[in-house]
Amino acid sequence: MFFELIARNSKRSRKENGLFFATLLVSVIAFYIILSLSRQDVMLFLQEMESDAVNRLLTMIPIFYVMTLVVLFFLIYFASKFQLERRRHEFGMYLMMGMTRNRLFVLLLAEDIRSSIIALLIGLPAGIFVSELISLITARLVGLGIIGHRFTLSIYAILLAAAGFFIIKLAAFLILSAKISRQEIGSLLAEKPEGTKRQHPAPVYGMALFAGILSLGTAYYLAIRGISWNQIRMMGLTVLLGFVGTLLFFYGLRYIFNLIIKAGKRDQRLHIFNVRQLQENVVRQSGTMAISSLLILGALCCFGAGVAIAAYYGQSEDHVLDYTFIPEYTDEPNQEQAAEDVFDTLREYGLDTEFSDLFEMKIGDIRTADDFENSYSMDNVIDQVAEFPASDDRDVLLNNLGFADFPSLLSLSGYNELLRTAGLPEVELGEKEGAVYMDSSFVNDGRIKIMNEILADRPEVEISGNPLWLTGKVQTTAVVTDYSITLSFALILPDDLFQYYTQDQYDVYVNGVLDSSVSEKTGLMQAIAGMNDRLNETGLNYESYLQNMGRQLFYIVAASYITIYLAIIFLIVANTVIGVQFLMNQQKTNRRYKTLVRLGAMYETLCRSAKKQINWYFGIPVLVAAVSSLFAVRALFTGILSSMTRGTAGEMMVISAAMILVLCVIECIYMAAVKRSSNRYLLILMAPEREE
């Protein structure tokens, strides 16, 4: 009988508190995913190429794990307290019917352990499935292919996730169960008073609201302008202003509710009742709502900024080349012979047939002037750029061109071969004409547009005292696979001009593209990894796309996995706190709903009233967080993006806004779950009241 009671109570608790149980499941899934990160395919690949960076990332996982345990402990304690408070009358009846306090304690503890085991039995398999799905999708996106994916089961992650979950849940329930089981029967059977809070005059709340908005505005200004990133002291001031501003804003919302009551339509059903309920809840729980809003803000910032940065690194440059071979020169450099030696070595080992394209890329410097550093002048171009309307793109472009007085030179034949390989139109140059090359990491669409408008007029520049006309459009296709060779500004010249201005002193790189038949079998990453093993036997010096992709993937993993993990934790904590808080307030004010029932209010009317309150109760902190996140994400881009990529902040903001919208949709799902719980509770209140 006792065990049947435990099973029945545990099942009823999960049904009545589905939102909280779903939160526990998501927590278990998140625990496993973050703890099993080191076993995923992408991380295994990254450890081979970027071991130091990956190891530093993995050493941070325990920190995130412990931090999450602490946060979830308070969440579980708070939510569990609400569950037990709802059952106070039930516990009092158990004691009245003869159950001992020790047996009541064992009953509550057994219910908790049973629910925890069920959450783990559902959450861990779901975590394993989601982890494998993420690993499989990532492997497919980066070119590992389905064949390259390996199923991994991290026993370490399972044990640690289960242990951490059990510890925090058991600790919270031990504290709460002990408190409940020690209470007197009379206090358990009696309803707790609603509780009141001292009210202040309306001007006090108005001043708090104004001070909150002013503090938030100042924090936004300091962060977006980059002032807060200059010194730790200023950053601390910005965070303090944002935190205090949020608290003051929610504290001052009572002033807004007063205005709504005065201007509200009194012919709407329960309109004033709804507003006064919200007004009282906001005043009583303004601190909780402010903290929840800050947690949602953190989730929106992590998710929006993380996905935007990952998307930027994942799409910042099109993949064209698989390999670049760097010839080794003798004491008397012979570039052409050194490049030919690369071709001979590949033929000797039978590897030349594995490539669909092998061609030379010549890169040199201007050597026809005594003063190499001032051998090139394009004052005409800089003046035209300065005439464009003021913008960040114009200013960054002016700054970059100001340092382009000693540009690198590229041979036209080699670069056209690269364009043919990429399936792009070739560059056509006449006598004394040149094209502009700028690495994609130094430009964006806005800067390219400015340069293309100028190049359309064939501006005249000067190279070693000779005139040269720039034409065509800006070229950005990477000349080699080695990301350490990034040319902020270079000139593409016809081969004869290239030979003349470099005085036959230039570097030759051999670029290669694997045959599609090789990469289609196992996936691009697997194909390059296999080719690397074979090339290591030849003694050739080379850079592969895989090595450079490793650096890029590290940023993708660091920016997306960790930030999305934090976003999930912040989001479930904030929404569970808001939802549980509303349901607790609804229970504390149950006498008001009973009075409405006696006055003739129908069940549907009460449900509509509660739904409106939930929409506002959730909507206020979510709306504040959503608006703040747009400023906060922009401030993050100001501080964490490099000067080269800062011009892409506009494109990243579009992605961030889309991700913020996605999370707002998730908020609607939480609201729907709370509404269902509220409707079930209101249905109980509709039953005839029974006196004990």
* Structure fact -> Heavy-atom accessible area with a 1.4 angstrom probe orders 460, 90, most exposed first, as 460, 90
* Between region 399-433 and region 99-136, what is the C-alpha centre distance in whole Å? -> 63
* Within region 86-121, whose backbone N sits under 20 Å from a point 7 Å along Cα→Cβ of residue 170? -> 102-121
* May I ask you to give the solvent-accessible area per residue for region 409-448, in square angstrom, as obtained with a 1.4 angstrom probe? => 38
* Asked: For a paramagnetic label modelled at 7 Å from the Cα of residue 686 toward its Cβ, which residues of region 566-587 fall within the zone defined by backbone nitrogen distances under 18 Å?
  -> 587
* If you roll a 1.4 Å probe over region 65-123 with all protein chains in place, what percent of the accessible area is carbon or sulfur? -> 73
* Place the peptides 676-683, 564-571 in order of packing, highest mean first, counting for every residue the other Cβ atoms within 10 Å and averaging per peptide. => 564-571, 676-683
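The values are calculated or read from the model by the stated rules, or taken from the named source; none is laboratory data. Computed from a predicted model, the values in this text were never measured in an experiment. When we count neighbours, we look across all protein chains shown, and the Cβ atoms used for this are built from the backbone with ideal geometry, even at glycine. Side chains included, ligands, DNA and RNA excluded: accessible areas come from the protein's heavy atoms. Shrake-Rupley method; radii C 1.70, N 1.55, O 1.52, S 1.80 Å.
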